[in-house]
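Below is one structure; the comments refer to it alone.
No lab work stands behind these numbers, since they all come straight from the coordinates. This is a predicted model, so every value here is computed, not measured. Here Cβ is always computed from backbone atoms with ideal geometry, including for glycine, and neighbour counts include all displayed protein chains.
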Amino acid sequence: MASSPGSFAVLLTAVPRNRPHVVFRAIALVTATLLVSILVGALGAGGTYAFLSASAAGTPAATLTAGTATLSVSAGAQNFSNIAPGQTRTGLFTITNVGDVPLNLSISSIVGPSTANGLSATIGDSTCGGTQYSLGSFAPTPLATGASTTVCLTVMMALNAPNSAQWTSTAIAVQILGTQS
């Protein structure tokens, strides 16, 4: 197109007008998508959600104090020396609960006796001739605070003890366990 002096050409481009209802629909769609996403995320996380509120009249605070579990073991004169094959020696021991909580007594180990020295040991009642318990068969015995019980340690040398056991010394340790009842 030729132009003449004093005239000019204008290029017009059609631009769609923003209509308010189109903008509103776009915003509503984005908002709805976000809300659905948040809701699905919360439900997917599981659980129950609630706002709870409660009140109660104040009561004095409780005081908890830990107790002590303490055992005392005493023995009179004991003679476990010069034991020969086939012989038995016994000794009485008194166990006292000197703590401030009741305990259940059990024997957790007897160390020293072995096939190498021909010795075996058991724990029994205070008669030293009654029921004898090997390790693991001693039933837990309740022992109240301040109470005592007497047990018997019986040490036996097997009739077929090895000759190497002659004139040897063996320390025997009995571990007594007191668990709070």
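The HN-Hα couplings worked out from phi for segment 119-126 by the Karplus form 6.51 cos²θ - 1.76 cosθ + 1.60 (θ = phi - 60°) are 9, 9, 9, 9, 10, x, 6, 5 Hz, whole numbers, x standing for Gly and Pro. Can you figure out the FRET efficiency of GLN87 with ALA147, using R₀ = 41 Å and their beta-carbon distance, to the nearest 0.05? With R0 = 41 Å, the Cβ-Cβ based efficiency is 0.75. Protection proxy ranking for 106-118, 168-180, using the average of other Cβ atoms within 10 Å per residue and placing the highest first: 106-118, 168-180.
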